[in-house]
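The values are calculated or read from the model by the stated rules, or taken from the named source; none is laboratory data. The shown structure was predicted, so the numbers you read here are calculated from the model rather than taken from an experiment. Cβ sites come from the backbone with ideal geometry, for glycine too, and all protein chains shown count toward neighbours. With ligands, DNA and RNA removed, areas are computed over all heavy atoms of the protein, side chains included. Shrake-Rupley method; radii C 1.70, N 1.55, O 1.52, S 1.80 Å.
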Amino acid sequence: MTKQIISFTLLLLTGIFSLQAADSKPIRIGTNDIDLILKIGDNGRLYQSYLGERLQSEADIAFLKQGKEVYLTHGLEDYFEPAIRVLHNDGNPSLLLKYVSHENRKIDDNVTETVITLQDDKYPVEVKLFFTTFAKENIIKERTEIKHQEKKPITLYNYASSLLHLNADHYWLTEFSGEWAHEANMTERQLDFGKKIIDTKLGVRANMFCSPFFFLSLNQPARENEGDILMGTIGWTGNFRFTFEVDNLNGLRIISGINPHASEYSLKPKTVFSTPEFIFTYSTAGTGEATRNFHNWARKYQIKDGLADRMTLLNNWEATYFDFNEDKLIDLFGEAQKLGVDMFLLDDGWFANKYPRSGDHQGLGDWEETKDKLPNGIAKLVEEANAKGIKFGLWIEPEMVSPKSELYEKHKDWVIRFPNRDEYYFRNQLVLDLSNPEVQDYVFNVVDRLKTENPGIAYFKWDCNSPITNIYSAYLKDKQSHLYVDHIHGLYKVLERIQKKYPDLPMMLCSGGGGRTDYEALKYFTEFWPSDNTDAVERIFIQWGYSYLFPSKAMAAHVTSWGKQPLKFRVDVASMGKLGFDIRTHEMNENEIRFCQEAVKNFKRLSHVIGNGDMYRIVSPYEKDHAVVLYTDQAKDKAVVYAFDMHPRYAEILQPVRLQGLDANKRYKVEEINLMPGNHSALECHGKTYSGDYLMKVGIPLLSSSHLQSHVVELTAE
Ligand code: DGJ
């Protein structure tokens, strides 16, 4: 026996570790409709007995089989992917976790936290599993804490947030992957024996190629309104990994967490390693219900100011790119005012003097206004915008540095780069090392200084255009494998400080389009930018993909000139998200301007339905050349339907669209809105009143075989 084991045995005898006798009562982690039931085996280890629809009778729980171990470790009798792998001081690479105790804490009527403590019986290593349940929304969050009292650091090689077991005949996985300007494409595949991994190794801008969420359908391909679905996401802004492994008995395990790739973590005694949260729902009524669970939960509990209204805006990025000056911007404020939006957002290109930001090749890091372009600074812009009755927002990218910048010249030691190799760039820039507290202060101060000097800045768009290249931190010295993890914790420290000092400051999470789309970041951001691709047809697909997990108010959607669709089509697509414009009004005629003004008014008037209501995906663009989406307020008194014809075939035969989510017993007046001035609705249902029953059983004709046609229909219960 090593000295360490002897001293641990002594600790046990003296009762410092209060290991209790295994309690045979199951641990029920439930919401209104879901049950996750854990049992303690005779061997003292913790097993997952059930995950699925809530069991009606408590007495039946006794019949459940023990199942598989909850937080599987490496080195014992399991031959598949573990949740945790640890190397002890004495070279032993195994862990055997036994149940010690658990505790339920009722946070309020809806939220409960269950904490289960597990402990190795030979080594002083403790693992705590945290489950938070949201009863009404049917959401469960899970995370893990690892701590030990060995003499020297232990090494963590794997440290999952969660491991869930499912048992079915067949498993169908849907993932969301793509590229810049082509984000969140959905692909569904059947899982057979072996592993499927969805992961990212980009460090930051981590979701450029794949999004940190998925859904899994049992026994059949996923359907919108029926079938068992597990939908999950990881709250982590860096490298993540989901492992789906089907074993020899056709059991599926889903392991979610930080990607352990190149990230073994040396954990000092008595310090806690805390994983991010895996957040999931389970629905027996298909992806539609799972989506509504996520939306309701996210607005209430996760997204910054989730229940508040969002600001409509005019952004200058696609309207001007880097080519602007004070006069041009002041003109644009007038255009924002004309459109009737709440805010003007100034994008990239306003800063740096020694290396002015005239393109994307220089200037990041030098956050002073470029004197030639903006001789009177941001202060003048805020003043002019406010004088026109609109707010002023500003683009920043504070985690990055251009090699051509004064910051780089002064502080190479703050940059993630190898001291002895050539530098490799993505978009001509490098990432600052947020594991270093000095760099955290610097990034916080970018926001703090701008806000202190210009308290009128009402909004930030926080961009992040480069993944981590040249992975080396001067600060971390011999702990290089901590960089991916510590960098993201450093980012959270900065965001936390900003949140504390400026709790009411709305911010957009942007990362070269949709490179950052996770729920942990969204604690600090009111919305995210799903894609630089603003072609309206492409956006129907991109917003459709993100809609599985994110409510419309969290998805910024701007009208631009990227796509050549009719303006009405582009505005209607953007109105399904958080409406904004990236376009010059002088490119529009009077009719088009009046149309946009009306659309902005409609969007604001209906934001409680579109932003806070329940979403129903009715016609999928993945299945037809059309798309239909409906939002209804929770009382089912008001609904808004968006219907799009993209590129249908000639003389396509189309059935009426059967609506969903209405109250069958209410009568709804149907009115088409967002019409071009002077145009009358061509919809035969316009102006008529139908029962919800009829609208859902028979439906109304909303689609046509015309190219690039759209309709927005408002339903009002009488
Ligand atoms: C990438 C963003 O996605 C764009 O919207 C824009 O802000 C540019 N960066 C600016 O460089």
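Angle, helix 3-13 long axis vs. longest principal axis of the chain, Cα atoms, 0 to 90°, nearest 10?
90
Can you tell me which aspartates and glutamates have their Cα less than 15 Å from the Cα of Lys604? Leave out same-chain residues fewer than eight positions away.
The reachable aspartates and glutamates, counting only those whose Cα sits under 15 Å from Lys604, are Asp309, Asp342, Asp572, Asp633, Glu714.
For Lys354, give me every one of the aspartates and glutamates with a C-alpha distance below 13 angstrom, ignoring sequence neighbours fewer than eight places off in its own chain.
The reachable aspartates and glutamates, counting only those whose Cα sits under 13 Å from Lys354, are Asp366, Glu368, Glu369, Asp372, Glu406, Glu409.
As I understand it, the value is the acute angle between the Cα axis of helix 377-387 and the longest principal axis of the Cα atoms of the chain; what does it come to in degrees, rounded to 10?
Relative to the chain, helix 377-387 is tipped by roughly 60 degrees.
Any of Lys410/Lys451; Lys338/Lys380; Lys304/Lys380 with alpha carbons more than 27 Å apart? Name them for me. Could the numbers behind the result be given before it?
Values: Lys410/Lys451 24 Å; Lys338/Lys380 20 Å; Lys304/Lys380 29 Å.
Among Lys410/Lys451; Lys338/Lys380; Lys304/Lys380, the Cα-Cα distance tops 27 Å for Lys304/Lys380.
Let me know the volume per residue of the alpha-carbon convex hull for the chain, in Å³.
167
In the chain, if the dipole is taken from +1 on Lys/Arg beta carbons and -1 on Asp/Glu beta carbons about the Cα centre, which of Leu332, Ser511, Leu166 is farthest to the positive end?
So the residue furthest toward the plus end is Leu166.
Give me the angle, in degrees from 0 to 90, between the Cα long axis of helix 536-547 and the longest principal axis of the Cα atoms of the chain, rounded to the nearest 10.
30
Run the numbers on the range 613-715 and let me know its relative contact order in percent, using alpha-carbon pairs under 8 Å that are six or more apart. Don't jump to the answer; show the numbers that get you there.
Working: 227 pairs, mean separation 34.7, N = 103.
Once normalised by length, the contact order is 34 percent.
Under the definition of Cα pairs under 8 Å and six or more residues apart, what whole-number percent is the relative contact order of the range 25-300?
Details: 722 pairs, mean separation 48.1, N = 276.
17 percent.
Given Phe294, Leu314, Phe280, which one lies farthest toward the positive end of the charge dipole of the range 217-363, if we put +1 on the Cβ of every Lys and Arg and -1 on the Cβ of every Asp and Glu?
Among Phe294, Leu314, Phe280, the one farthest towards the positive end of the dipole of the range 217-363 is Phe280.
Would you please classify the overall shape of the range 311-609 from the alpha carbon gyration tensor, given that a ≥ b ≥ c denote the square roots of the eigenvalues, rounded means a/c under 1.5, and beyond that prolate means a/b larger than b/c while oblate covers the rest? List each step's numbers first, then the result.
Values: a/c = 1.90, a/b = 1.54, b/c = 1.23.
It comes out prolate by the Cα gyration axes.
For a quick protection proxy, order the peptides 279-290, 497-508, 186-197 by their average other-Cβ count within 10 Å, most packed first.
Values: 279-290: 23.3, 497-508: 16.1, 186-197: 13.0.
Result, highest mean first: 279-290, 497-508, 186-197.
Quick check on the range 426-539: take the gyration tensor over C-alpha atoms, sort the square-rooted eigenvalues as a ≥ b ≥ c, and tell me if it's rounded (a/c under 1.5), prolate or oblate. The partial results should precede the final answer.
Working: a/c = 1.96, a/b = 1.18, b/c = 1.67.
Oblate, since a/c reaches 1.5 and b/c is not below a/b.
What are the ³J(HN,Hα) couplings of the range 523-532, residue after residue, when phi is run through the Karplus curve with 6.51, -1.76, 1.60 and θ = phi - 60°? Round to Hz, x for glycine and proline.
Karplus values, whole Hz, x for Gly and Pro: 5, 10, 10, 7, 7, 10, 9, x, 5, 6.
Could you work out what % of the accessible surface of the range 364-412 is carbon and sulfur, using a 1.4 angstrom probe and leaving DNA, RNA and ligands out of the count?
Numbers: 900 of 1980 Å².
Carbon and sulfur together cover 46 percent of it.
To the nearest 10 Å², what's His482's accessible area with a 1.4 Å probe?
For His482, solvent-accessible area is about 10 Å².
Do you know the relative contact order of the chain, to the nearest whole percent, from alpha carbon pairs under 8 angstrom that are 6+ apart?
Values: 1765 pairs, mean separation 67.7, N = 718.
Relative contact order, the chain: 9 percent.
May I ask you to order 260-269, 291-300 by the average number of other C-beta atoms within 10 Å around their residues, highest value first?
Details: 260-269: 16.4, 291-300: 22.6.
In descending order of packing, they fall as 291-300, 260-269.
Do any of Lys65/Lys128; Lys553/Lys636; Lys568/Lys666; Lys493/Lys523; Lys141/Lys461 go past 22 Å between their Cα atoms, and which? List each step's numbers first, then the result.
Working: Lys65/Lys128 24 Å; Lys553/Lys636 19 Å; Lys568/Lys666 30 Å; Lys493/Lys523 13 Å; Lys141/Lys461 28 Å.
Long pairs (Cα-Cα over 22 Å): Lys65/Lys128; Lys568/Lys666; Lys141/Lys461.
How far is it, in nm, from the label point at Asp360 to the one at Ala379 when both lie 7 Å from their Cα along the line to the Cβ?
About 3.4 nm, to one decimal.
Counting only heavy atoms of the protein chains, get the accessible area per residue of the range 613-715 (1.4 Å probe) and round it to a whole Å² value.
Working: 4650 Å² over 103 residues.
Per residue, the range 613-715 has 45 Å² of solvent-accessible surface.
At q = 0.13, 0.15, 0.24 Å⁻¹, what is the base-10 log of I(q)/I(0) for the range 613-715 according to the Debye formula with one equal point scatterer per Cα and no solvent? Please give it to two decimals.
The computed values of log10 I(q)/I(0) come out as -0.43, -0.58, -1.39.
In the structure shown, do any of Lys151/Lys195; Lys122/Lys151; Lys564/Lys638; Lys136/Lys201; Lys477/Lys501; Lys195/Lys477 have a Cα-Cα gap over 25 Å, and if so which?
Distance filter (> 25 Å) returns Lys151/Lys195; Lys564/Lys638; Lys136/Lys201; Lys477/Lys501; Lys195/Lys477.
When ranked by the protection proxy of mean other Cβ atoms within 10 Å per residue, highest first, what sequence do the peptides 114-124, 651-661 form? Intermediate results must be reported in sequence, preceding the final value.
Values: 114-124: 20.3, 651-661: 15.0.
My ranking of the peptides, most packed first, is 114-124, 651-661.
On a straight-distance basis, which aspartates and glutamates could pair with Lys270 in a cross-link, Cα separation under 12 angstrom, same-chain partners fewer than 8 positions away excluded?
Glu126, Glu145, Glu150
Write down the percent of antiparallel bridges among all DSSP beta bridges whose residues are both part of the range 311-609, to the nearest 5.
Among the beta bridges of the range 311-609, antiparallel pairing accounts for roughly 15 percent.
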